[in-house]
Every structure is written in structure tokens, then in C-alpha cells.
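Scroll down for the structure; my scribbles are underneath it.
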């Protein structure tokens, strides 16, 4: 979605809906860096990989996350194996089409940062988001007298 809340596949904002509320992630800076990154492609195995890092802002919390704000440094890593062409003069070569479905793929989003919940509490954040299987564990790990909360959701 975009900064005005309009849904669009190419937006820089992502709405995270969890069981006890949600928040938005502004990935404008991260997306700018990812748009310049080049994938690694092995033509012998049709395997590919891609990674990039950047900063995201966390904002507009609802429910348990009301007042949430903060930022995190995030790294995205993706890899997979693409199909081969089955007909034509290039039969057996890797299928370079953007519309070709990969035979297998993996993706991970990992980040660390600080989240404030609109009070004096601040939580150190470690967030592995495992995109394979579309399951995203979000873990807020605090130190000292802070609380540990974990919520798992599908999105």
C-alpha cells in the first residue's frame, strides 16, 4: 500500500495484521536499495539468489500495538531454482521469463531495531520473518524489567 493507505502491489508501506492488533512498516528506504541490487544467477543449475539491506520505519500501531513507533535495519535474502525450457531451440536451458514459476524457493527477512509502544517502555527487536510457507514469527525481546512477547501470524 502507499503512504495514503491505498492498496497497491508496488507500495512502500506494508500493513502487518496480528492477532492482538497490528502496525504499518514503511519500507521506502529499503525498497530504494533493493531496486538497485542485482540477483546472482547460476545458468548451469538455474539457481538464483538475491539479498539486500536497508532501514524500515514502524508506525500506526493498533490494538496491543497502539502508539507503536520505531525503526529497524532489515536484510532480505531470497533464493531458489528456476525451471528449464522444455521446447524449442533453447530446450534444456534456464527459463529466463519473469513469469516462470520457480521449482523451489526460500525467503527470509531478518532485522533488528528499537520499538516504542507510546509509553516509557522500549523493546529491542529481533524479527525473523520466514516467507517460505508464508509464516511470520514476530518476536519482541526486551532486556531488564521489560516484557517478552511473541506473536505468530499468517499473512
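Computed values, structure above
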quantity: Footprinting exposure proxy for 74, 14, 109 (fewest neighbouring C-beta atoms within 10 Å first); calculated: 14, 109, 74
quantity: Cβ-based exposure ranking for 104, 49, 71, 27, in which fewest neighbours within 10 Å come first; calculated: 104, 49, 71, 27
quantity: Label point 7 Å beyond Cα of residue 14 along Cβ direction - residues of the stretch 91-106 with amide nitrogen under 20 Å; calculated: 102, 105-106
quantity: 65, 106 arranged by Cβ crowding within 10 Å, fewest neighbours leading; calculated: 106, 65
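Every number here is computed from the coordinates shown, using simple stated rules; none is lab data. Because the structure is predicted, anything quoted here is derived from the model rather than measured. Glycine also receives a Cβ, built like all others from the backbone with ideal geometry; neighbour counts cover every protein chain displayed.
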